[in-house]
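These notes are about the structure you will find just below.
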Amino acid sequence: MFTGLIREMATVKSFSGSVLSIKSKHKAKLGDSIAINGACLSVVKLFNDGFSVELSPESQKHLALENFKNEVHIEPAMMMGDRFEGHIVQGHIDAIGIIKDIKNNGNSFDVFVTVDKKFIPYIVPKGSITIDGVSLTVNDVNSDNFRLTIIPITMKETLFKKYRKGSKVNIETDMFARYVSHIISHQSKATQNLTWDDVDSISAKY
């Protein structure tokens with residue numbers, strides 16, 4: 001599990017076949033889970049100055065691989081007792097989004113991201129979303145896109161500074177929205193009349 005708070009901007013040493021090698025200050029251990037641009041990957045090799053992870057064909061199929069170059073976001077998995085600061089992130093990428101527009105508001109930036117319409121029900125206004133591993137709050141949700149507001153320090157210290165119109169990003173939607181939607185869609189006919197109190201009760205269990 002992760003929090004969506006980027007711990008380091010690491011450097012890609014190489015990406016050949018299924019192996020991604022990272023130069024990092026973080027001292028990983030074999031088998032560690034590390035989120036790289038939001039995707040939970042396992043450490044398979046160590047170096048003096050970093051580590052390697054392996055991407056399965058399934059992972060490569062569902063990730064915006066063009067961002068796995070130069071700098072990448074990394075976040076080691078949470079340890080028991082760590083301070084919880086972002087939101088609950090699994091490192092499971094749901095979709096690839098496309099930057100539709102970026103508007104400079106002076107003291108912030110509005111970023112509009114287009115996503116396949118089937119994922120819109122899992123994106124909640126004022127709810128949480130993860131973009132390339134960064135925990136963010138959704139401002140508005142439309143039929144096929146949503147709006148984020150990025151503060152200057154986030155724009156400066158993350159990959160957001162490199163995004164342009166047409167850039168692809170890894171998206172992990174809100175875990176609770178996915179779980180509740182899945183549960184509701186698989187209710188039997190006898191329990192189809194689910195109330196919001198039922199939904200609150202289900203969410204509280206996770």
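No value in this document is a laboratory result; all are computed from the given coordinates. Keep in mind that what you see is a predicted model, and the values were worked out from it rather than measured. In this analysis, Cβ positions are derived from the backbone assuming ideal geometry, glycine residues included, and neighbour counts consider all displayed protein chains.
First select every other residue whose beta carbon is under 15 angstrom from the beta carbon of His92; then total the charges, Lys and Arg +1, Asp and Glu -1.
Working: positive: Lys61, Arg178; negative: Glu58, Glu75, Asp94, Asp132, Glu172, Asp174.
So the environment of His92 carries a net charge of -4.
Note that region 92-100 has calculated 3J(HN,Hα) couplings of 9, 6, 8, 7, 9, x, 10, 5, 8 Hz, one per residue in order, obtained from phi through the Karplus relation 6.51 cos²θ - 1.76 cosθ + 1.60 (θ = phi - 60°); glycine and proline are x.
Go ahead and estimate [θ] at 222 nm for the chain from helices alone: -39,500 (n - 2.57) per DSSP H run with n ≥ 4, summed, over the residue count, rounded to 500.
Calculated at 222 nm, the ellipticity per residue is -4000 deg cm²/dmol.
In order along region 38-49, phi translates into HN-Hα couplings of x, 9, 6, 10, 9, 6, 10, 7, 10, 10, 4, 10 Hz, rounded to whole numbers, per the Karplus curve 6.51 cos²θ - 1.76 cosθ + 1.60 with θ = phi - 60° and x for Gly and Pro. Listed by chain and number, the lysines placed with their C-alpha closer than 24 angstrom to that of Lys103 are Lys117, Lys126, Lys156, Lys161, Lys162, Lys165, Lys168; residues fewer than eight positions away on the same chain are left out. Computed with the Debye formula from one identical point scatterer per Cα of the chain, without solvent, the log10 of I(q)/I(0) at q = 0.08, 0.10, 0.17 Å⁻¹ comes to -0.29, -0.45, -1.18.
Under 1.5 on a/c is rounded, so check that first for region 95-179, then, if it is not, pick prolate when a/b is larger than b/c and oblate when it is not; a ≥ b ≥ c are the square roots of the alpha carbon gyration tensor eigenvalues. Can you show the working numbers first?
On the way: a/c = 1.65, a/b = 1.53, b/c = 1.08.
In terms of gyration-tensor shape, prolate.
Modelled spin-label separation between Lys165 and Phe15, with each label point placed 7 Å from Cα along the Cα-to-Cβ direction: 2.5 nm.
Fully extending the segment from Glu85 to Ile98 would add 2.0 nm, taking 0.36 nm per residue of separation and subtracting the current Cα-Cα distance.
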